[in-house]
Structures are given as C-alpha cells and as structure tokens.
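Some notes on the structure that comes next.
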Amino acid sequence: MVASSYNVTLEINLMGANMAEDKIPWMCHICDHRSTFGEGIVCSECYKLTCNEHMTTATVLNTDTGLYELKKICVECQFRKTLNQ
Ligand SMILES: [Zn+2]
Ligand SMILES: [Zn+2]
C-alpha cells in the first residue's frame, strides 16, 4: 500500500517536471512564429531569437583578428548591413 502510493507521487512529479520544460516557448522576432519545439537560433548581431527560415549565414569581418568569419545573423540585421554598405 505504502509503496504504491509513493510510486504515484513520484510519477506526478516527473510529469510536472516534463511539462514545465515544455512550457519554455521561443518566438522568432521577425515572423512572430512561436514554438516550444526545439529552440530558436540566436542572431549574433541583435541576439534575438530567430527561426530557421529567417536566419542566414553571413561573412562578417572580425575587426579584432582581421579575418572573415561565418556568422549566423537574422534577415533583419542582414538587410541593415546591406543598407549601410
Ligand atoms: Zn521567422
Ligand atoms: Zn539580428
């Protein structure tokens, strides 16, 4: 009797922990796409979460090393860069 009730309590606790983990949603700041599945990619320029579709890879000059690096930036930041050029 005692053992079975202990098991039930443990099961509920585990379920609660899983649900809490699933409840962390991320949202793409461009299309407002919300998802709790997987995780968004953080733009290396504006540090905002971006979905796969609005994330691009750009070649950015690192002024510290003088080398070009591949960076994942969102389409918004990429657009801003093309305007500045
Ligand atoms: Zn998006
Ligand atoms: Zn960005």
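No value in this document is a laboratory result; all are computed from the given coordinates. Remember, it's a predicted structure, so these values are computed and weren't measured experimentally. Glycine gets a Cβ as well: all are built from the backbone with ideal geometry, and neighbour counts include every protein chain shown.
Brief remarks on what is shown
- When the chymotrypsin sites (Phe, Trp or Tyr not before Pro) in segment 42-81 are filtered for DSSP coil states and for at most 16 other beta-carbon atoms within 10 Å of their beta-carbon, the remaining sites are 47.
- Under-5 Å amide H pairs with residue 46, H placed in peptide plane, nonlocal only: 74
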